[in-house]
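A short reminder: the numbers here are calculations on the coordinates, not readings from a lab. Since the structure is predicted, the reported quantities are computational estimates derived from the model, not experimental observations. Here the Cβ is made from the backbone with ideal geometry for all residues, glycine too, and neighbour counts use every protein chain on show.
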């Protein structure tokens, strides 16, 4: 499985396209204050497969603001 980074421009260009999903791993408060349009908030330490799309060929993007 290939994992690679996408640039902000690459993500922005693909937002809303079929098979492209964005997940925000920040806490809920930070997510509510601002997130990528359409991003779902998931707890980076405890989410199950049911939080992910069933399409195994989909592109999944995970991001957070980093420590702190």
Those residues of region 38-50 that are in contact with a helix residue (DSSP H, G or I) (Cβ under 9 Å, 6 or more places away or on another chain) and outside any strand (DSSP E or B) come to a total of 3
Given the conditions (1) out of contact with any helix residue (DSSP H, G or I) (no Cβ under 9 Å at 6 or more places or on another chain); (2) not in a loop (DSSP other than H, G, I, E, B), every one holds for residue 61 apart from (1)
Scanning region 1-30 for residues that are surrounded by 10 or more Cβ atoms within 10 Å (Cβ to Cβ) and assigned to a helix (DSSP H, G or I) gives 10, 11, 12, 13, 14, 28, 30
The condition from (1) surrounded by 13 or more Cβ atoms within 10 Å (Cβ to Cβ); (2) in contact (Cβ under 8 Å) with a residue 24 or more places away in the chain; (3) in contact with a strand residue (DSSP E or B) (Cβ under 6 Å, 6 or more places away or on another chain) that residue 52 misses is numbered (3)
